[in-house]
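What follows draws every value from the coordinates through simple rules; no lab data is involved. None of these values were measured; they are calculated from a predicted model. All Cβ positions, glycine included, derive from the backbone under ideal geometry; neighbour counts span all protein chains shown.
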Amino acid sequence: MAKVILEVSSREAVNRRFRNALAGKAQGTRLSFESPSLLIKVLSGRRWDLLKVMTGAGPMTIREAARRMERDVKGVHADVHTLLAAGLLRKTGDDRIVFPYDAIHVDFTLRAV
């Protein structure tokens, strides 16, 4: 199963994983965000819904994704581009979009200040 881990990490933690990867230690597929608020901003409710619709569905056009979600194409288009920029979606050679993972694991801890 292809899983992506979304996490809130410091620059030091990201650098440490990078060094470990260079040393040949598997790190898994991870996307790091600098704060919980940024992670939540990027993955709004409608974007989560888009990822759910696309999970296991293979490549599709933005128009098809909008149809499946019963949303307007313009709104889905904006969400797709945000998720492309974040690295959660990919474009295929024929300009379709794909969510290349079977699962998402979100990992962060909120601590008292």
*Using the count of nearby Cβ atoms within 10 Å as a rough guide to exposure, how do 79, 72 rank from fewest to most?*
72, 79
*Relative contact order [Cα under 8 Å, 6+ residues apart], the stretch 8-104, whole percent*: 26
*Excluding same-chain residues fewer than 8 positions from residue 74, which lysines have a Cα within less than 22 Å of its Cα?*
41, 52, 91
*asked:* If the reach is capped at under 19 angstrom between alpha carbons, list the aspartates and glutamates near residue 25, excluding any in the same chain fewer than eight residues apart.
replied: 7, 12
*For the chain, with only Lys/Arg (+1) and Asp/Glu (-1) charged at the beta-carbon, what is the dipole magnitude about the Cα centre, in debye rounded to 20?*
200
*Wrap a convex hull around the Cα atoms of the chain, take a quarter of its surface area, and give that in square nanometres.*
8.3
